[in-house]
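To start, the structure under review is shown below, and the notes come after it.
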Amino acid sequence: MRLLRGRAPLLFFLTSLALLSAGGAARVLDAPNAVEGLWVAGTVLGLAASSAWTALAVRRRRPSVDVIAVLALAGALAVHEPFAGAMVTVMLASGQVLEARAAARARRELGLLVERAPRTARRRRGDVLEEVPVEEVRRGDALVVGAGEVVPVDGRLLGPGVFDESALTGEALPVERQGGDEVRSGVVDAGGPVDLLATSVAAESTYAGVVRLVAQAQASTAPFVRTADRVAVLFVPLTLALAGGAWIVSGELVRAVAVLVVATPCPLLLAAPIAVMSGLSRAAGRGVVVKGGGALERLAAGRVVLFDKTGTLTQGRPTVTGVVTAEGVDADTLLRLAACLDQLSSHVLADAVVAAAARRGLALTVPTDVCEVHGYGVRGTVDGHEVRLGKASWIVADASPAWVRQVRRRADLDGSITVFAALDGVPAGAFLLADPIRPDAPRMVRALRTAGVDRVVLVTGDRADVAGTVGRVVGVDAVLSDHDPADKLAAIREESRAAPTIMVGDGINDAPALAAAGVGVALAARGATASSEAADVVLTVDRVDALADAILIARRSGAIAWQAVLVGMGLSAVAMVVAAAGYLPPAPGAVLQEGIDVLAIGLALRAVLPGRVHTLTMAPEDVALALRLREQHDAVLSEVEQIRAVADGLSSDEIDLAPTRRLLERLEATLVPHERADEQLLVPLVSRALGGTDATAALSRTHAEIEYQVGRLRRLLASTDGQPADEGDVVELRRLLYGLYAVLRLHNAQEEEGAFSLVPGQPSGV
C-alpha cells in the first residue's frame with residue numbers, strides 16, 4: 001500500500017466514496033444504467049489499486065493480504081455484484097488513508113548536521129586574513145577560528161584555547177587545550193580567537209565522519225513490516241482454500257466471491273492503524289513525539305536501553321556544586337558579586353554562576369568597567385569592589401593557602417572544574433562546577449525495569465571514573481566509557497544481536513547510534529539538534545522519565561491493536577464460513593464486513609483513553625506547595641556549604657569556636673525550621689502523589705537525623721561554655737560537622753529525586 005504517496009490516499013478515498021454514494025443516489029432516482037456504471041467504476045478503481053499493491057509486494061518478495069482484495073473485486077465484477085465491489089473499494093481506501101497517516105515516518109535527514117557544518121574558513125596569508133570555502137583548506141594552512149565559531153577542519157593549536165566539545169564527545173563542560181594540542185572539526189571555540197594549523201582537509205575531518213556515520217546507520221535501519229503482512233502468511237491460504245472449497249462443493253462462483261468479500265482484511269487495515277494513531281496521540285500528550293507506527297511498535301519491543309551520559313542522564317550543563325572561600329569571606333557575598341560580574345561575561349561558565357545566585361535568591365546589580373582578559377578570565381567593578389573571575393594562575397598566582405589546596409583536592413576527587421575569584425585584588429575563593437545527575441534519572445531507570453526492559457547500559461565518551469559514578473547512582477547494568485561516535489555505533493550493533501535496542505541521547509555525537517538502534521530517542525527540550533533528525537522518538541519535555549511513559553503507551557497501544565485485529569478477523573472468519581455455506585450473498589456480506597470494521601475500530605479507539613503511565617498526577621494546590629518548598633530548599637543550600645567550610649576551618653593549633661557558634665545560630669534559625677516544614681508539608685504531599693507512606697519513610701528518617709545532629713552540635717558547644725575548648729573538642733566538632741554535611745547532601749539528593757522531580761511540567765533538576 002505504500003504505492004500511494006502524498007495526497008493520493010485521500011484522493012483515492014474521496015473518489016471511491018463519491019462513486020459509491022453517487023451510485024446509491026442513482027439507485028434512489030431509479031437510473032439503473034448509472035447505478036451499475038458508477039459502482040463498476042468504483043470496483044475497477046479498487047481492483048487497479050489492489051493489483052498494484054499486490055505486484056509491489058511480489059516484487060519485494062513480501063507476503064500480502066492484498067491478493068484477497070484483488071480476487072474479491074475481480075469476482076464481484078464476474079458475478080455482477082458491483083455494489084459489493086464498490087463497498088470493498090471504499091474499505092480499502094479507508095485503510096489506505098489511515099495507514100498513510102499512522103505509519104508515515106518523519107524522514108531522517110542530515111539537514112541539521114549539514115547546516116551546522118562550516119561553509120567557510122578564515123585562512124591566514126602573512127598579515128592578511130582571507131575567507132575561503134572550507135573545501136579549499138589544505139593541510140598546513142594557518143587558520144583563525146573566532147569565539148563561538150565551529151572549527152572547520154581537524155588541526156593543531158598554535159596557542160591555548162577553550163573549546164566546547166559536546167558535539168563530538170557529549171561532555172558538557174568546556175575543555176582547555178594548550179598550544180600543540182590537536183582539535184577536531186565540529187567543536188566550538190568557547191574562548192577567544194585561536195590560531196591552528198590544518199592537519200586534514202574537510203572531507204577527511206572528524207565532523208564529516210560523523211555525517212557519514214549517520215548516513216550509513218540510516219541505510220542499515222530495517223523498514224517497518226505491517227501487522228497485516230505478518231498475518232497474511234496464515235490468512236491468505238486459509239481464505240483461498242475456503243473460497244475454492246465453497247466453489248467446488250456448490251458449483252457457484254458467487255459463494256466464493258462472497259467468502260472473498262467478507263474476508264477482505266479491513267480489521268487489519270483499519271483497527272491496527274487507528275490503535276497506533278491513538279498511541280501516537282497519547283504519547284504526544286506526554287511530551288513524546290513518536291515518528292510513526294513503526295517506531296511505536298519497535299519502542300514497545302525494546303528490551304535493552306542504552307543511554308548517553310551528558311544531557312541525558314545528567315543535566316548537560318555546568319552547575320555550581322560548591323563554593324570555597326578564604327577566611328573571613330562569606331560564601332553568599334562572593335557568589336553574588338561573581339554573578340553580578342558574570343551577567344555581562346561571554347564565558348561558557350558564566351551562566352552557571354548566575355544561575356546559582358538566582359537559585360539562592362541573591363539580588364544582582366549591573367557591573368561596570370567589565371573587561372574580558374583572553375585566556376585568563378573577566379574583571380569588572382561591582383558595588384565599588386574590583387572583582388576578578390578566572391583561572392587559578394591569574395587569581396592566586398603561586399600562592400598556595402589551605403583553601404586553594406582544598407579546592408584543587410575537591411576538584412580532583414569530584415571531577416569538577418574551578419573558577420577562582422578575587423575581591424579588590426585579594427584571592428577570595430573559588431567555585432566548583434560539575435554536570436549533575438538528573439534527579440529523575442534513577443526513578444526513570446527503575447520505571448523502565450518495571451515496564452519490561454531487561455538491560456540498561458550507559459555508553460559515553462566521558463572517562464571511566466566519571467561515567468562509573470553516574471552509572472552507579474542511576475542504577476545501570478553496564479558502563480561503556482571513552483566511546484566516540486564510531487564506538488557507540490559498534491556498541492549498539494553488539495547489543496542489537498541479543499535483543500531489540502533503544503538508544504537515548506541528545507547530541508550530534510549520538511546521531512549515528514540513534515539511527516542504528518532499533519529505536520533512537522532524542523532529547524530536544526533545549527533545542528532541535530541533529531539527534532532529533534536521526535531519532536525515531538523525540539522527547540520535547542526536559543524530563544527523561546517521559547521515556548518510561550512512552551514505552552508503557554507503546555505496549556498498551558500494541559496490545560489493543562492486536563485485540564482489535566483478532567476480534568475483527570475472528571468475526572470475519574465466522575462470516576466467511578456462513579458465506580461459504582451459501583447463507584451470506586456478496587452484497588449483504590460487504591455491508592456486514594463494514595459493521596465488523598466499525599466494531600474493530602471501536603475496540604482500537606480504546607488506545608486513546610488514559611492508561612497506566614509512570615508520570616504522576618498532582619493536584620494544582622500540591623504543585624504550588626511543592627514549588628514553594630523548593631524555593632525554601634534552594635535558599636538553605638548556602639547553609640549546607642557553610643557547614644563544610646566551618647569544619648575545614650577548625651584547627652587544633654588556634655582553637656576558635658566562634659564560627660561554629662555562628663553556624664549553629666544560622667542552622668537553628670533557617671535549616672531546622674525548613675526541615676520541620678518539609679516533614680509537615682512535603683512528606684504528606686509525596687505520600688499523596690505516590691499513594692503510600694512507605695515511599696516517604698527515608699525522607700522522614702533523614703529529617704529526624706538532621707535535627708538530632710544539630711541538637712548534638714548544640715550540646716557539644718554548650719559543654720564548652722565557660723571553659724577553654726581542647727583538641728578533643730575540635731576533633732569531635734569536626735567529625736560531627738562533616739557527618740551532618742554528608743547527611744544533608746544525601747538528603748538533598750533524596751528530595752530532588754523523590755519529591756521535587758515528581759512535579760509535572762517542571763524540567764528535571766530545576
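Where a number appears in this text, it was derived from the coordinates with a stated rule and is not lab data. Predicted model, so just to flag it, every value in this text is computed and none were measured. Here Cβ is always computed from backbone atoms with ideal geometry, including for glycine, and neighbour counts include all displayed protein chains.
By the gyration tensor of its Cα atoms, with a ≥ b ≥ c the square roots of the eigenvalues, what is the shape of the stretch 319-434: rounded for a/c under 1.5, prolate for a/b over b/c, or oblate?
Taking the square roots of the gyration eigenvalues as a ≥ b ≥ c, the stretch 319-434 is rounded.
The ranking of SER21, SER757, SER481 from fewest to most other beta carbons within 10 Å of each one's beta carbon is SER21, SER481, SER757. Ordered by the count of other Cβ atoms within 10 Å of each Cβ, fewest first, TRP39, TRP562 give TRP562, TRP39.
Protection proxy ranking, highest mean first, for peptides 349-358, 295-304: 295-304, 349-358, where packing is the per-residue count of other beta-carbon atoms within 10 Å, averaged. Only one residue of VAL426, THR381, THR368 has its Cα farthest out toward the positive end of the dipole of the stretch 319-434, where Lys and Arg carry +1 and Asp and Glu -1 on Cβ, and that residue is VAL426. Summing Cβ point charges (Lys, Arg +1; Asp, Glu -1) relative to the Cα centre of the stretch 620-758 gives a dipole of roughly 240 debye.
Charging the Cβ of each Asp and Glu at -1 and of each Lys and Arg at +1, and nothing else, the dipole of the stretch 319-434 about its Cα centre rounds to 320 debye. In percent, rounded to a whole number, the relative contact order of the stretch 319-434 is 30, using alpha-carbon pairs under 8 Å and six or more apart. Cross-link partners for LYS391 among the lysines, with Cα-Cα distance under 30 Å and sequence neighbours closer than 8 places in the same chain left out: LYS309.
Which of GLY754, THR670, SER651 sits farthest toward the positive end of the charge dipole of the stretch 641-763, with +1 on the Cβ of Lys and Arg and -1 on the Cβ of Asp and Glu? Of GLY754, THR670, SER651, it is GLY754.
Can you sort THR720, THR239 by how many other beta carbons sit within 10 Å, fewest first? Starting with the residue having the fewest Cβ neighbours, the order is THR720, THR239.
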